[in-house]
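Quick notes on the structure that follows.
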Ligand SMILES: [Zn+2]
């Protein structure tokens, strides 16, 4: 299942090194989405809010 250090996209469940923290539905919690889904849900979306970028750190 999901590993702690790599959270999947909330929508497509793909793992990506960069994810955007957003809200895209009314009364929805903050979710992490990949750049592809971020583009889709952020367009013409009155509920869209941007909360920052989440980058995987590997060291
Ligand atoms: Zn996605």
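Looking across the range 6-26, the residues that are surrounded by fewer than 19 Cβ atoms within 10 Å (Cβ to Cβ), at pLDDT 90 or above and not in a strand (DSSP E or B) come down to 11, 12, 13, 14, 25, 26.
Residue count for the range 8-26 satisfying the condition of being under 16 Å from residue 50 (Cβ atoms) and within 7 Å of the ligand (Cβ to nearest atom): 2.
All of (1) loosely packed, with under 12 Cβ neighbours inside 10 Å; (2) within 14 Å of the ligand (Cβ to nearest atom); (3) modelled with pLDDT under 90 hold for residue 3 with one exception: (2).
The values are calculated or read from the model by the stated rules, or taken from the named source; none is laboratory data. Owing to the predicted nature of the structure, the values given are computational and were not obtained by experimental measurement. Using ideal geometry, Cβ is built from the backbone for each residue, glycine included, and neighbour counts are taken over all protein chains shown.
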